[in-house]
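Worksheet for the structure shown next.
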């Protein structure tokens, strides 16, 4: 028993150190190493044709904003179709879409009143209706800038790119303490994490909004699985395993609304964790067996898949530590190694994302926010609890073969420029 | 003992709380709580500098009226001397600072120095002159060894003499013709053409008449015809007179031999070397350096395209590019 616990503690510490090194490499990549260019400088007289899908469930508050923003985009109308997908709305979303469809020939709404609700189902309906080469997806509470569609579409000059992801920027970051923390998390996640993965030819993620993919590939992969809550991560791994790449466009920025209450954040993060862990179960083996990825990419893919399983792993490490302490069996290896582990674990393991976020804030010119970095400690404790709950949900789903239902994140305001 | 314990606890508490103090101040009196600014109206415009400059000057020019010459000041990045004339003539060796507008043609003499210049007519810049920035609504002709500090934009054609330094950006509503040894960062023209008769000859074809496929890459033989996209996780060499009807990408360098026609985009994470007489209908994107051989054509009159080099770009003789050329580290002709 004692030996097993000791081995488990060592395994957890080693995994944490691996994550720490990963974060350190990402930060170095952004601050000191060569940046890989995205395709944003390409100006092309013949852009690919785009289908913009916008799943909407009771989005009357924000529907007009996003449709106006997309219609104002600098993309030729003859190469563009906009497909807002009304997914069982009861709040007047359909009437708004009808108005836009009447006024704009290339706005072709879909109205889903039958079948199961949910983002994957809505996207599948949109995918079936779309006719263009490239599909771009936005959530309804986003506000794309005029040049965003071109920036995203440019990625497809690269025949190896199966999907593209832009950068999400919270617009309501000044509302509450939580929104300020989430703004910092997002900044670190995109400005450093995603860009570094792109720099290092690893696995940037398609995030399900402010991004797009080739329609024919998505159809070839049977669209989106309605039983997946993280349909975006699912697509990311389907693509990488089959040899496609995801491009990351750090300058293709788009505003989003982040949760303003802890309860909403809890539900969102729990859903993400649940969905992500389903993807872990589905893709871990195919990832390891893929002929199209090298060892570094496979390792990075595995670390990415395990992200939402880590909190529970970490908690199990703490529990094993506590048990060893109570058994009076704390010395694991020699004192020197314990010292090395403790320093590495605490200085880099627990707080590794902090310097990633700090670097991201410096890159964004938001220096004052760095003072808030210590407060992320409390957010991590909260996240550990929330994501662990999501992990347990996922385990329950798998064991009981439960069908998943989509839960939309609550909107609190209209995104406006 | 108790005193020491109390002191230790107080010190521990102070040390534990200290990291949170600056953050508490930021939360109480926020200085960085606003969202990251996204310019919602931004669109990529290769002629941005010229258009923006004209837009900023328009009210001041209107204010000048017809009483010329008109002298005042204008606020750009900093306050600048502002002058409006009917025509602008700067004699050889002369100098005009600030912002000068010619409501007609402009003629800058040999070795003259001019600040920011806008002419509603054509512009002739003689050898060895230096301009900080130049916009004109007509044709622009630059002599030899002219130096542009920032950018140049003409609504019509631009003819550039030998050894000119074209600053950060050159853009034209019409054709751009560049002579030998010019250096640049960004070029926009429909088309851009080079004249560099002394440029090195195209690379000699070395490829065999067989497909060579190995761990390091792929070589396609001459006269290959391919009707689909091609991705190579290594280097790629395309044999002479081949036709590729799709996009190509290589994770390492790409060498395109003479007479090749590619109907799609060319993307490489390494260097791109294009021999002579190559025709590429799509965009070119290289994460390293690009060399485009003599008589090669990129894009077409009815579809402008981009040539992007994260490193340098070198254009040899009679290269024609319809659209945009960007060389992040610098480009040259010859």
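Among the residues that make up region A:232-252, is at least one of them under 16 Å from residue A:209 (Cα atoms), within 14 Å of chain B (Cβ to nearest Cβ), in a loop (DSSP other than H, G, I, E, B) and in contact with a strand residue (DSSP E or B) (Cβ under 9 Å, 6 or more places away or on another chain)?
no
Identify all residues within region A:158-178 that are touching a helix residue (DSSP H, G or I) at 6+ places or on another chain (Cβ under 6 Å), within 7 Å of another protein chain (Cβ to nearest Cβ) and crowded, with 24+ Cβ neighbours inside 10 Å; write none if there are none.
Of everything in region A:158-178, just one residue is touching a helix residue (DSSP H, G or I) at 6+ places or on another chain (Cβ under 6 Å), within 7 Å of another protein chain (Cβ to nearest Cβ) and crowded, with 24+ Cβ neighbours inside 10 Å, namely A:173.
Collect the residues in region B:261-274 that are in contact with a strand residue (DSSP E or B) (Cβ under 6 Å, 6 or more places away or on another chain) and either within 14 Å of chain A (Cβ to nearest Cβ) or buried (at least 24 other Cβ atoms within 10 Å of the Cβ) (or both), keeping them in residue-number order.
Passing the criteria: B:262, B:266, B:267, B:268, B:272, B:274.
Can you find, within region A:203-224, the residue that is nearest to the chain's Cα centre (by Cα) among those that are within 14 Å of chain B (Cβ to nearest Cβ) and surrounded by fewer than 24 Cβ atoms within 10 Å (Cβ to Cβ)?
It comes out as A:214.
Of everything in region B:233-246, what is touching a strand residue (DSSP E or B) at 6+ places or on another chain (Cβ under 7 Å) and within 10 Å of chain A (Cβ to nearest Cβ)? Give them in sequence order.
Residue satisfying the conditions is B:246 alone.
Conditions (1) within 14 Å of another protein chain (Cβ to nearest Cβ); (2) touching a helix residue (DSSP H, G or I) at 6+ places or on another chain (Cβ under 7 Å), marked per residue:
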{"position": "B:31", "(1), (2)": "yes, yes"}
{"position": "B:47", "(1), (2)": "yes, no"}
{"position": "B:51", "(1), (2)": "no, no"}
{"position": "B:63", "(1), (2)": "no, no"}
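Scan region A:193-202 for residues that are within 14 Å of chain B (Cβ to nearest Cβ), in contact with a helix residue (DSSP H, G or I) (Cβ under 7 Å, 6 or more places away or on another chain) and part of a helix (DSSP H, G or I) and report the count.
Adding up the residues that qualify gives 1.
Going by what's in this entry, would residue A:59 be described as within 22 Å of the chain's Cα centre (by Cα), not assigned by TED's automatic domain parsing to the domain that holds residue A:328 and not in a strand (DSSP E or B)?
Numbers: within 22 Å of the chain's Cα centre (by Cα): yes; not assigned by TED's automatic domain parsing to the domain that holds residue A:328: yes; not in a strand (DSSP E or B): yes.
Yes, satisfied.
Condition test on residue A:189, is it more than 9 Å from every other protein chain (Cβ to nearest Cβ) and assigned to a strand (DSSP E or B)?
no
If we keep just the residues of region B:301-327 that are surrounded by fewer than 20 Cβ atoms within 10 Å (Cβ to Cβ) and without any contact (Cβ under 8 Å) to a residue 40 or more places away in the chain, which is nearest to the other protein chains (Cβ to nearest Cβ)?
So, considering only residues that are surrounded by fewer than 20 Cβ atoms within 10 Å (Cβ to Cβ) and without any contact (Cβ under 8 Å) to a residue 40 or more places away in the chain, the one nearest to the other protein chains (Cβ to nearest Cβ) is B:303.
Among the residues in region A:260-276, are any within 14 Å of chain B (Cβ to nearest Cβ), modelled with pLDDT under 95 and within 15 Å of the chain's Cα centre (by Cα)?
Step one: list which residues in region A:260-276 are within 14 Å of chain B (Cβ to nearest Cβ), which gives A:260.
Those left that are additionally modelled with pLDDT under 95: A:260.
Among the residues that remain, those that are also within 15 Å of the chain's Cα centre (by Cα) are: none.
No, there is no match, as no residue in region A:260-276 is within 14 Å of chain B (Cβ to nearest Cβ), modelled with pLDDT under 95 and within 15 Å of the chain's Cα centre (by Cα).
If I ask for residues that are within 14 Å of chain B (Cβ to nearest Cβ) and either on the phi > 0 side of the Ramachandran plot or in a helix (DSSP H, G or I) (or both), which ones from region A:4-44 would you list?
Result: A:39, A:40, A:41.
Restricting to region B:137-193, count the residues that are out of contact with any helix residue (DSSP H, G or I) (no Cβ under 7 Å at 6 or more places or on another chain) and surrounded by fewer than 24 Cβ atoms within 10 Å (Cβ to Cβ).
Selection size over region B:137-193: 34.
Restricting attention to region B:9-28, does a residue exist that is more than 12 Å from chain A (Cβ to nearest Cβ) and over 30 Å from residue A:367 (Cβ atoms)?
Checked against the condition, which is being more than 12 Å from chain A (Cβ to nearest Cβ) and over 30 Å from residue A:367 (Cβ atoms), region B:9-28 yields at least one hit.
Considering only region B:15-43, how many residues are within 30 Å of residue A:43 (Cβ to Cβ) and crowded, with 17+ Cβ neighbours inside 10 Å?
Of the residues in region B:15-43, 3 are within 30 Å of residue A:43 (Cβ to Cβ) and crowded, with 17+ Cβ neighbours inside 10 Å.
Can you tell which of B:288, B:314 is modelled with pLDDT of 95 or more, in contact with a strand residue (DSSP E or B) (Cβ under 8 Å, 6 or more places away or on another chain) and outside any strand (DSSP E or B)?
Numbers: B:314 fails: outside any strand (DSSP E or B).
When all the criteria are applied, what remains is B:288.
Any residue at all in region A:89-96 that's part of a helix (DSSP H, G or I), surrounded by 21 or more Cβ atoms within 10 Å (Cβ to Cβ), in the same structural domain as residue A:235 (by TED's automatic domain parsing) and touching a helix residue (DSSP H, G or I) at 6+ places or on another chain (Cβ under 8 Å)? Explain how you work it out, then say what you get.
Here is the first cut: in region A:89-96, the ones part of a helix (DSSP H, G or I) are A:93-96.
Of the ones still in play, those that are also surrounded by 21 or more Cβ atoms within 10 Å (Cβ to Cβ) are A:93, A:96.
Keeping just the survivors that are in the same structural domain as residue A:235 (by TED's automatic domain parsing) gives A:93, A:96.
Checking the rest, the ones that are also touching a helix residue (DSSP H, G or I) at 6+ places or on another chain (Cβ under 8 Å) come to A:93, A:96.
Yes, the conditions are met somewhere in region A:89-96.
Specify which of the listed residues (A:303, A:315, A:324) is surrounded by fewer than 20 Cβ atoms within 10 Å (Cβ to Cβ), modelled with pLDDT under 90, touching a helix residue (DSSP H, G or I) at 6+ places or on another chain (Cβ under 7 Å) and over 17 Å from residue A:385 (Cβ atoms). Let's see the steps before the verdict.
Details: A:303 fails: modelled with pLDDT under 90; A:315 fails: over 17 Å from residue A:385 (Cβ atoms).
Among A:303, A:315, A:324, only A:324 is surrounded by fewer than 20 Cβ atoms within 10 Å (Cβ to Cβ), modelled with pLDDT under 90, touching a helix residue (DSSP H, G or I) at 6+ places or on another chain (Cβ under 7 Å) and over 17 Å from residue A:385 (Cβ atoms).
Residues are listed down the side, and each one gets a yes or a no for (1) more than 23 Å from the chain's Cα centre (by Cα); (2) within 30 Å of residue B:321 (Cβ to Cβ); (3) in a loop (DSSP other than H, G, I, E, B); (4) within 14 Å of chain B (Cβ to nearest Cβ):
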site: A:53; (1), (2), (3), (4): no, no, no, no
site: A:73; (1), (2), (3), (4): yes, yes, yes, yes
site: A:78; (1), (2), (3), (4): yes, yes, no, no
site: A:84; (1), (2), (3), (4): no, no, no, no
site: A:126; (1), (2), (3), (4): no, no, no, no
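Quick one: in region B:285-300, of everything that is facing chain A (nearest Cβ under 10 Å) and surrounded by fewer than 22 Cβ atoms within 10 Å (Cβ to Cβ), which residue is nearest to the chain's Cα centre (by Cα)?
Quick first cut of region B:285-300, residues facing chain A (nearest Cβ under 10 Å) only: B:285-287, B:299-300.
Pick out the ones that are also surrounded by fewer than 22 Cβ atoms within 10 Å (Cβ to Cβ) and you get B:287, B:300.
Details: B:287: 15, B:300: 19 Å.
By that ranking, first place goes to B:287.
The values are calculated or read from the model by the stated rules, or taken from the named source; none is laboratory data. From a predicted model like this one, the values you see are computed outputs, not experimental measurements. Don't worry about glycine lacking a Cβ; one is built from the backbone with ideal geometry, like all the others, and counts go over all protein chains shown.
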